[in-house]
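The values are calculated or read from the model by the stated rules, or taken from the named source; none is laboratory data. Predicted model, so just to flag it, every value in this text is computed and none were measured. Heads up, the Cβs are rebuilt from the backbone with ideal geometry, glycines too, and the neighbour counts pull from every protein chain shown. SASA here: full protein model, heavy atoms, side chains in, ligands and nucleic acids out. Shrake-Rupley method; radii C 1.70, N 1.55, O 1.52, S 1.80 Å.
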Amino acid sequence: QVQLVESGGGSVQAGESLRLSCAASGTIFNINDMDWYRQAPGKLREYVAHITRAGMTEYGDSVKDRFTISRDNAKNTVYLQMSSLKPEDTATYYCAAAIDGHYYWGQGTQVTVSA
């Protein structure tokens, strides 16, 4: 059974950085696109970043130039380097991935940014 497990969340002050990781495990033949989303209390889930297997990236407007998505295909892991964090970045962050024809979600990791 395929699982995605996020880690690296926590509480930081505005302006600081955090790096999230998301590792895929189980019987996996191929991971294509990998994504990060986030959801703040009372808000809709928001697209954050996307990376293809070849490493092409895209970002949501609210995080562009502050967040960097990357991946290690050998480790089946995707990362989200978050810099210059703002209180409005506070949310539960979810990774998702297209694995062997199915789209999987992680359980989420909380990021809290205080002013």
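Here's the list of aspartates and glutamates a cross-link from K75 could span, going by alpha-carbon distance under 20 Å and ignoring same-chain residues fewer than 8 apart: E6, D33, D35, D100. Taking all protein chains into account, the per residue accessible area for the chain stands at 53 Å² (1.4 Å probe).
Computed from phi, the 3J(HN,Hα) profile of region 34-48 under the Karplus parametrisation 6.51, -1.76, 1.60 (θ = phi - 60°) reads 10, 9, 10, 10, 8, 9, 8, x, x, 10, 6, 5, 10, 5, 10 Hz, with x in place of Gly and Pro. Working note: Cα gyration tensor of the chain, eigenvalues times five, square-rooted, sorted largest first, giving semi-axes of 24, 14, 12 Å. Note on the chain: GNM, Cα springs under 10 Å; of I51, I28, I99, the largest mean-square fluctuation is that of I28. Computed from the C-beta positions of K75 and S17 and an R0 of 22 Å, the FRET efficiency is 0.55 to the nearest 0.05.
Per-residue 3J(HN,Hα) values for region 12-18, derived from phi via the Karplus relation 6.51 cos²θ - 1.76 cosθ + 1.60 with θ = phi - 60°, read 9, 8, 4, x, 7, 10, 8 Hz in sequence order (x marks Gly and Pro). Protein heavy-atom surface of the chain, 1.4 angstrom probe: 48% of the accessible area is carbon and sulfur, with nucleic acids and ligands not counted. Here the extension length gained between S25 and M56 equals 8.9 nm, from 0.36 nm per residue of separation less the Cα-Cα distance.
Among N76, N32, S11, whose Cα sits farthest toward the positive end of the charge dipole of the chain (+1 at Cβ of Lys/Arg, -1 at Cβ of Asp/Glu, about the Cα centre)? It is S11.
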